[in-house]
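The values are calculated or read from the model by the stated rules, or taken from the named source; none is laboratory data. None of the values given here were measured: they were computed from a predicted structure. Using ideal geometry, Cβ is built from the backbone for each residue, glycine included, and neighbour counts are taken over all protein chains shown.
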Amino acid sequence: MFRYLWRHKAFSAVLLLLFGMGLYLHPIAAWAGLALLLFLRLTKVHSLLLIYDLTDRAAIKHIRTLATKRAHMLSPDEYGNISEEAWDKHLNTFIKKTLLPEFQRRKVDHFFAKDPRRSAARLRTRINRIIDWHQPAGAADEVDNTMTGREFELYCRDVLQEAGWQAALTPGSGDQGADIIAEKDGRRVVIQCKFYNGTVGNKAVQEAYAAAAFQDAPYAVVVTNSVFTKSAHQLAHKNGVLLMHHSDLERLDLIVTSGAGSR
C-alpha cells in the first residue's frame, strides 16, 4: 500500500501534513488522515491504485522494448496509413502475461476480472502514456532533404556507433550492395541505406539480402528516411530482411535480438 503512496508523493505529503497537524494542532486532522487511509485500504480505490502502480512499474521496467515495439507497429504503411490493431493486440498480451500474474499475486485481479475488456483498454491507455513520458531519448534527428546518400550513410554509421555497434562504411565497390557492416555482441548485420524522397521498393530488399549472403552475415537490414512499398514489405517478410526507419536505428540491437531481420 505504501509503495503507491510513495510514488504519489504529493498525496503522501498531504497525509503526513494531516498527521502532523493532529500531533501539534488538532486531533481531528489526524483522525481525518487515518480515516482516509482506512477508506483506501477497505474500498476498491486501494485495488485500483495498486493496479496502476504495478502497471507503471512493469511498463517502466520494459520501457525500451515497449517503445521499440510501438514504433514499429504504429509505423505508416506504404500508403501512409497507421493501424493500431497489432499494437493493441501486443499490449493485451503484455497485460495478460506480465501484469495479470502480478495482479493475482497481490490479490487484486478480481478488480480486473469484473470487466476485462474495459480494464484492458484503461491499462493500454496508461501504458501508452508511460511510453510517451519515459521512452528512451532518440538520437538527434539531423536528417534533412539537403543530405546526399553518402551523408545519410555516415549519419546511420554514427548512430550505430553511439549505440555501441562496431559499424563501418563499405568502400562502395565490390560490396554487393552493403553500405554498412555492423557487429555487436557476436551479431553481424549488413545494412543497406536508402535516402529517398519517394518510396523504397523491392530492389533495395534484394540488394540487402544478396549483400548479407556475400558478407556471410545472418542479418540483413534496409534503413531509409522514407517508406517502403507494399511489395517490398512482402518480399522482406518472405526473405527475412528487416525494413526500418532511420529513427529506430539506435534500437537495432533490441530488434535483431527479437529475431527480426534474420535470414
(request) Only one of these is at pLDDT 85 or above, out of contact with any strand residue (DSSP E or B) (no Cβ under 8 Å at 6 or more places or on another chain) and of a type outside the set (Gly, Ala, Ser): 127, 28. Name it. (result) 127
(message) Name the residue that is surrounded by the most Cβ atoms within 10 Å (Cβ to Cβ), counting only residues in the stretch 151-173 that are over 23 Å from the mean Cα position of the chain (by Cα) and of a type in the set (A, V, I, L, M).
(response) 167
(request) Would you confirm whether any residue within the stretch 250-259 is modelled with pLDDT under 90, acidic (Asp, Glu) and either within 19 Å of residue 71 (Cα to Cα) or in a helix (DSSP H, G or I) (or both)? (result) yes
(message) Being surrounded by 21 or more Cβ atoms within 10 Å (Cβ to Cβ) and more than 24 Å from residue 70 (Cβ to Cβ) is the requirement here; does residue 212 meet it?
(response) yes
(request) Mind counting the residues in the stretch 216-250 that are of a type in the set (A, V, I, L, M) and under 21 Å from the mean Cα position of the chain (by Cα)? (result) 9
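Tell me the residue from 190, 227 that is among the hydrophobic types (A, V, I, L, M, F, W, C), assigned by TED's automatic domain parsing to the domain that holds residue 178 and closer than 20 Å to residue 253 by Cα, please.
Just one listed residue meets the conditions, 190.
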(message) The conditions are (1) surrounded by fewer than 21 Cβ atoms within 10 Å (Cβ to Cβ); (2) of a type in the set (Gly, Ala, Ser); (3) more than 23 Å from residue 145 (Cα to Cα); (4) modelled with pLDDT of 90 or more, and residue 201 fails exactly one of them. Which is it?
(response) (3)
(message) Return the residues of the stretch 37-68 that are charged (D, E, K, R) and modelled with pLDDT under 75; say none if nothing qualifies.
(response) 41, 44, 64
(message) Is it the case, given these coordinates, that residue 163 is at pLDDT below 95 and either in contact with a strand residue (DSSP E or B) (Cβ under 7 Å, 6 or more places away or on another chain) or not assigned by TED's automatic domain parsing to the domain that holds residue 240 (or both)?
(response) no
(request) For the stretch 181-196, enumerate the residues that are buried (at least 23 other Cβ atoms within 10 Å of the Cβ) and either assigned to a loop (DSSP other than H, G, I, E, B) or of a type in the set (Val, Ile, Thr) (or both). (result) 189, 190, 191
